[in-house]
Each structure stands twice: as structure tokens, then as C-alpha cells.
Amino acid sequence: MKRVGTWLFYLVGAIAVAYLALYAYVTFTRRDITPGDPIRIFRKPDAPSYS
């Protein structure tokens, strides 16, 4: 049981490190938002227009 707890602890730590690495990657590689840029909303081309 102690060995299972150790592996579970390592697994949770590895998931936490992977999450932090992904967060850092997204933070440093995202596009800069500048005022006046159009907001790009991606829709299906065959979606109905309600306006």
C-alpha cells in the first residue's frame, strides 16, 4: 500500500508539472491583443444568420 501511495504521489506531481509547463507555453506563445483589432469568432460556414 505504501508503494501505491508513492506512485500516486509521483503521478500527481508529474501531472502538476505538465500543467505548469503547458500554462507557461501558452502564456509565452499567445498572440498579443491590441486595441482596435477585430474579434475573430470562428463559426461553421453553413450556420444560420440571426441578424
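Of the residues making up region 25-51, those that are of a type in the set (S, T, N, Q) and open to solvent by less than 100 Å² (accessible area, probe 1.4 Å) are T27, T29, T34, S49. Within region 41-49, not a single residue is modelled with pLDDT of 85 or more and part of a loop (DSSP other than H, G, I, E, B).
Tell me, please, whether a residue that is in a loop (DSSP other than H, G, I, E, B) and either open to solvent by 100 Å² or more (accessible area, probe 1.4 Å) or touching a residue at least 12 places away in the same chain (Cβ under 8 Å) (or both) can be found in region 13-24. Looking for residues that are in a loop (DSSP other than H, G, I, E, B) and either open to solvent by 100 Å² or more (accessible area, probe 1.4 Å) or touching a residue at least 12 places away in the same chain (Cβ under 8 Å) (or both), one finds none in region 13-24, hence no.
The values are calculated or read from the model by the stated rules, or taken from the named source; none is laboratory data. A quick note: this is a predicted structure, and the numbers were derived from the prediction, not measured. Glycine also receives a Cβ, built like all others from the backbone with ideal geometry; neighbour counts cover every protein chain displayed. When the accessible area is computed, the model is the full protein with side chains, heavy atoms only, and any ligands, DNA or RNA have been set aside. Shrake-Rupley method; radii C 1.70, N 1.55, O 1.52, S 1.80 Å.
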